[in-house]
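The values are calculated or read from the model by the stated rules, or taken from the named source; none is laboratory data. All of these numbers come straight from a predicted model, not from anything done at the bench. Note that we place each Cβ from the backbone using ideal geometry, even for glycine, and neighbour counts take in every protein chain shown.
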Amino acid sequence: MHDRKRIELIIERMAYKRACRVLETSGVTGYTVLPALAGYGGGNRWQRDTDMSASRDMVMIICIADEARTTASLESLEDLLGDHIGVVSVSDVEVLRPERF
Amino acid sequence: MHDRKRIELIIERMAYKRACRVLETSGVTGYTVLPALAGYGGGNRWQRDTDMSASRDMVMIICIADEARTTASLESLEDLLGDHIGVVSVSDVEVLRPERF
Amino acid sequence: MHDRKRIELIIERMAYKRACRVLETSGVTGYTVLPALAGYGGGNRWQRDTDMSASRDMVMIICIADEARTTASLESLEDLLGDHIGVVSVSDVEVLRPERF
Amino acid sequence: MDVAISTLLSPIILFFVLGMGAALLRSQMTVPEAFAKGLAIYLMMAIGLKGGVEMSKNPLTLEIGLVLLAGIVLSFVIPAISFVLLRLTSKLDRTDAAATAAHYGSISIVTFVAATEAVRLSGLDSSGHLVAVAALMETPAIITALVLAGRAGRSEDPVAGSERGELMREVLLNASVVVLVGALIIGWIAGEEGTAPISPFFTGLFQGVLCLFLLDMGLSAGRGLRQGWRQLDAATVGFGLYMPLISAALAAGICYVLGMGVGDTALLITLSASASYIAVPAAMRLALPKARPSVYLTLSLGVTFPFNVTLGIPIYIYLARLLNG
Amino acid sequence: MDVAISTLLSPIILFFVLGMGAALLRSQMTVPEAFAKGLAIYLMMAIGLKGGVEMSKNPLTLEIGLVLLAGIVLSFVIPAISFVLLRLTSKLDRTDAAATAAHYGSISIVTFVAATEAVRLSGLDSSGHLVAVAALMETPAIITALVLAGRAGRSEDPVAGSERGELMREVLLNASVVVLVGALIIGWIAGEEGTAPISPFFTGLFQGVLCLFLLDMGLSAGRGLRQGWRQLDAATVGFGLYMPLISAALAAGICYVLGMGVGDTALLITLSASASYIAVPAAMRLALPKARPSVYLTLSLGVTFPFNVTLGIPIYIYLARLLNG
Amino acid sequence: MDVAISTLLSPIILFFVLGMGAALLRSQMTVPEAFAKGLAIYLMMAIGLKGGVEMSKNPLTLEIGLVLLAGIVLSFVIPAISFVLLRLTSKLDRTDAAATAAHYGSISIVTFVAATEAVRLSGLDSSGHLVAVAALMETPAIITALVLAGRAGRSEDPVAGSERGELMREVLLNASVVVLVGALIIGWIAGEEGTAPISPFFTGLFQGVLCLFLLDMGLSAGRGLRQGWRQLDAATVGFGLYMPLISAALAAGICYVLGMGVGDTALLITLSASASYIAVPAAMRLALPKARPSVYLTLSLGVTFPFNVTLGIPIYIYLARLLNG
Ligand SMILES: Nc1ncnc2c1ncn2[C@@H]1O[C@H](COP(=O)(O)O)[C@@H](O)[C@H]1O
Ligand SMILES: Nc1ncnc2c1ncn2[C@@H]1O[C@H](COP(=O)(O)O)[C@@H](O)[C@H]1O
Ligand SMILES: Nc1ncnc2c1ncn2[C@@H]1O[C@H](COP(=O)(O)O)[C@@H](O)[C@H]1O
Ligand code: NA
Ligand code: NA
Ligand code: NA
């Protein structure tokens, strides 16, 4: 097992491709985007299936990367998040097949 | 980067709003709910798209919060979980924009 | 709170049941599968709703387990992953109701 | 008799059999949940409108009121009988037994619709207010079940307060009740003429959509059975087969007393004999979280539903004929 | 007058009321997003085809060109007025006001469709190119809003470069524009005869599908209102009710000048008075992330849409009648 | 000739072009997967029923048996040819080549349906058992591909045991086979009369639904092409264009030998020339995980499908005419 970082970014669905481009340009080897169903923040709740514009939907982007790329990504994400919601959290993980990250 | 806790709660879809209310009353600043597709536990498998009542569907609630609120949430969650399934796990994360949590 | 491991496996949707069988035979008490919406890896992007065969869709399997079962699972997963994509990461978590894992 | 055959060989039933067969052979095919849920809403709108339009044609009589009342009473009573039988014969604990009982007191709209088609096929006619009866029979059973589970009065329940209200809303305003009752009223207000422009959609397509929906029901029933049968002892499976007949007998008696027509009798019998697999399981998850879906859902969806849709309905029509014979 | 009544009692509106009522009573029922989105695409294909077929019957005239132009101008101008009014009367900040204004400059296809039905019911006839107008009015408002928000020219924007292009694509090629314009052209090419084989689907079912869709719209509107009303001060709610009338007056004037027929007038007025709740909120999320959906969406979906669909449309038809006295 | 034109200008094709254009212009519009999958099931039920009803009208002959056999043989043989050609001309490795070959041996139901419409438009008639041929041609190609990939016999495969069974079920009981064959049998049992009540849904709406579905297919094809073309060298793209013609020639020969009618010939040619983009990619993901979807899917969905639906079908009909000239 080898040490890597796990970046978890919760961001507006409409804007997730922006975050993805940021990650790609930071050189991460990959990421996966999960849809969210509902959420709460700033005193407001949102829920899918209740608003066809999906303008309040969020997604969660998960990216396993090494220390260096993680730092790079976080810096460029910070700019993006100036504008957007974006809840970013980073944790330590151990991975198999380290060469992939 | 600043230290926070990440609460991950897997609970029945039908009951997730209960857990959400519990979290809100514990004062967390937000949470996000992700739908699940399938699962296994207690020797039973379930799978979406195979049961219209969705009575076995689960969701995953993710909440980034500070130490204090995390403790508070976990205590009130424990009551709720007396009744429900609920798989709760807590991990350490580092976040950007700590003022949000 | 008690220490456990959190296994997170990102794998092709078509093949997730294989991974599930592997986990079950490794004796884990349960797991939950979350659908993914989009992703990037090896220079290719994929996105749901754009390919009816869903042949590039991925899912994320999350499994909370104790040290022993985690090691067992990871070993058997490594075989499976020889063939498949599979991004595996393991992290430390604290859980309520430890008897469940 | 040959009506029974022709019912069994109607595409609707055959598609159900196809789905069930595919699932039992472990085909991976699924109908997307979102699509199936959409079709379910369509079906409930369609039968609600149909019922409402028919009701708009003749005045509300006392007799109708009595039938509605009969439905409510049956929905309250049947779970009690079910509960006792389950506790006596099966190994289910109090909670599982109560949750299961709730399913049999409530109804299955799809079974009802299939029965309506079969009744029409048999050259009998039924009246629109039976749809209202169906809507009314959805929920009382749940209350009985809560009482039986000794849960109704619980107050040390941590999340009680707001939760009780939430539960009641979930139960009284669940999708099928809202859409059925709503569409019924709309059909009643708009009448034959007002609904003419929408009838190509709601009447013309009805049976076709039903085929697609029953294909999915078959898949669900087959999968439910395959994944859950281990959970069921012989006694429980038996219950899933004889309970519908007990409910049917009970309903038949009431219909006889009320002197209802053959078609209506067949439908009220079917409603009583049918078991819920959408509204009630969902409600039970909130009301009795400790009860096992792998028990009550497998039984109602995997055993009773297939029985009713294939053998049950012809039997109930036959029974209705006998009574008015 | 009684036309207004009969419009209000048409199943389409009644299902909207049903949905809104259920949501306000906090029913948990939902129409799956995927299914509703599918129906929305169907509806846009259907009206696009309808408009195209009608346009194929008579040549393109200058008059048509002027109507199209009028639509574009209205879509550019209305947001400016909205913005000023919001800034003067409400507490909304610059960004929220601009985002909200964009919604009122753009249009609501469902409101347009409901109006088309009402116009038909009133025995008036309307022309196909109004569908083209609808499509053209979707997006200009967004550009105005960006200028008003002082965002258009921003360059220190970290993600600017590629993002501006992305935003433009999102805005100019959003689903409703693509499907409406595409279907319009296809209907125009294929004509009456070419579309005959598909008309059972696109014409026959149209009103029925609309009922199902409006049930969902009602649920969305009701939920939006219930969850978001706290965010709205009286002035903002007021804006959601009087702004449509201002836009209507403006449009009415232009129609009068252009000497348009009663039906077309009613439709152009409705388009101007209607507010977007799908395309624009989505675009605003990209263009003005800091603006609050809980404000603009609640207002457009929870206040203005219900107003237009129930009271608004009859008023606009009445207004159109007055003009052509 | 002008039949070819009128086919190309039919709404069905135009909606495909619309979708493809929108995707290539990078519109973000999508048809929800759940909705599209639902429509796909509808389409397969509809053609299955249609074929079954037609087959119920005249007895099963030896000639029919031979056509079925021909289909199976073609599905086994074509992948072998494809594999050799790919290995000789392109840079694809053994696994990618085998996976791609499987797609061309299998079939595309939508292409088949589009061809059926075109055949009807050309005033030719085709027989119901071609639907059975379509169903039979879905899977043999996959077995050939496994052999070619040298995977069939692998045993050191860690997950072998249970997996082989799983794979076979996935392949033999995939949704399209189940629904096609099932609906075919149901249509055959129920016959013209038995399916009358459901024909408004399955026959009346068929072409309309097809338009909606092809809009989505266009979006998928366009996106696939845009995202994946980098993965394809000229030789591979070329293969996607000439392989259908080779398969067509092969099928044409067989049809000639069997002395099939023009319509049937056109359809069997189309089936052979078409490439799978739903069932086979899914199966390949299980059977040959190392093969790249970005290669085989882009080729079959982004290159061959558009070619067949636009230029291919008219060519195949023309070819069929020549043979029976
Ligand atoms: N602390 C948190 N943990 C998890 N998700 C959050 C958190 N805060 C906000 N979110 C998500 O971000 C969305 C917008 O939050 P906000 O920016 O506070 O309006 C919410 O609806 C949640 O889905
Ligand atoms: N150890 C676990 N890790 C992740 N998810 C779990 C775990 N145990 C149970 N679950 C989820 O909780 C559901 C119910 O589990 P159970 O309470 O054991 O019947 C399962 O279907 C899974 O979705
Ligand atoms: N570093 C990563 N973090 C998260 N997800 C990943 C990562 N790498 C790959 N994936 C997922 O795995 C899929 C296949 O990646 P690959 O095996 O690189 O083609 C991608 O589409 C992503 O969904
Ligand atoms: Na019952
Ligand atoms: Na407007
Ligand atoms: Na082929």
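Below, the figures for the structure above:
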| quantity | calculated |
| --- | --- |
| Residue match in segment B:50-64 (condition: among the small types (Gly, Ala, Ser), modelled with pLDDT of 90 or more and crowded, with 21+ Cβ neighbours inside 10 Å) | no |
| Single condition D:TYR242 does not satisfy, out of (1) out of contact with any strand residue (DSSP E or B) (no Cβ under 9 Å at 6 or more places or on another chain); (2) away from ligand 4 (no atom under 16 Å from the Cβ) | (2) |
| Where E:TYR242 falls short, out of the listed (1) aromatic (Phe, Trp, Tyr); (2) modelled with pLDDT under 95; (3) under 16 Å from E:HIS103 (Cα atoms) | (2) |
| Residues satisfying the stated conditions in segment F:253-284, i.e. part of a loop (DSSP other than H, G, I, E, B) and under 27 Å from F:ALA149 (Cβ atoms) | F:SER274, F:ALA275, F:SER276, F:TYR277, F:ILE278 |
| Residue satisfying all of: in segment C:71-89; crowded, with 21+ Cβ neighbours inside 10 Å and among the β-branched types (Val, Ile, Thr); farthest from B:GLY86 (Cα to Cα) among these | C:VAL87 |
| Unmet criterion (only one of (1) away from chain C (no Cβ under 13 Å); (2) within 20 Å of the chain's Cα centre (by Cα); (3) of a type outside the set (Val, Ile, Thr)) for F:ASN324 | (2) |
| Residue among D:PHE15, D:PHE35 that alone is touching a residue at least 60 places away in the same chain (Cβ under 8 Å) and among the aromatic types (Phe, Trp, Tyr) | D:PHE15 |
| Sole exception among (1) more than 10 Å from chain C (Cβ to nearest Cβ); (2) within 23 Å of C:LYS5 (Cα to Cα); (3) not hydroxyl-bearing (Ser, Thr, Tyr) for A:ARG69, by number | (2) |
| Members of segment E:26-71 that are within 14 Å of chain D (Cβ to nearest Cβ) and polar (S, T, N, Q) | E:SER27, E:GLN28, E:THR30 |
| Options E:ASP216, E:ASP233: the member that is of a type in the set (D, E, K, R), more than 14 Å from every other protein chain (Cβ to nearest Cβ) and more than 16 Å from ligand 5 (Cβ to nearest atom) | E:ASP233 |
| Set D:ILE269, D:ILE198: member being of a type in the set (Val, Ile, Thr), crowded, with 23+ Cβ neighbours inside 10 Å and within 23 Å of F:GLY38 (Cβ to Cβ) | D:ILE198 |
| Index of the failed condition, B:MET52 passing every other in (1) farther than 28 Å from A:LEU74 by Cα; (2) within 14 Å of chain A (Cβ to nearest Cβ) | (2) |
| Qualifying positions in segment D:207-251 - outside any helix (DSSP H, G or I) and touching a helix residue (DSSP H, G or I) at 6+ places or on another chain (Cβ under 7 Å) | D:LEU232 |
| Hits in segment D:260-278 (condition: of a type in the set (A, V, I, L, M, F, W, C), away from chain B (no Cβ under 14 Å) and either under 18 Å from D:PRO79 (Cβ atoms) or away from ligand 4 (no atom under 14 Å from the Cβ) (or both)) | D:MET260, D:VAL262, D:ALA266, D:LEU268, D:ILE269, D:LEU271, D:ALA273 |
| Residue within segment C:27-41 that is aliphatic (A, V, I, L, M), buried (at least 19 other Cβ atoms within 10 Å of the Cβ) and in contact (Cβ under 8 Å) with a residue 40 or more places away in the chain present | yes |
| Test: D:ALA22 is at pLDDT 95 or above and surrounded by 23 or more Cβ atoms within 10 Å (Cβ to Cβ) | yes |
| Residue check, B:ILE10 within 20 Å of A:MET60 (Cβ to Cβ) and more than 12 Å from chain A (Cβ to nearest Cβ) | yes |
| Close pairs from segment D:265-287: first aromatic (Phe, Trp, Tyr), partner near ligand 4 (Cβ under 10 Å from one of its atoms), Cβ under 9 Å, at least 6 apart | D:TYR277/D:HIS103; D:TYR277/D:SER108; D:TYR277/D:SER300; D:TYR277/D:THR304 |
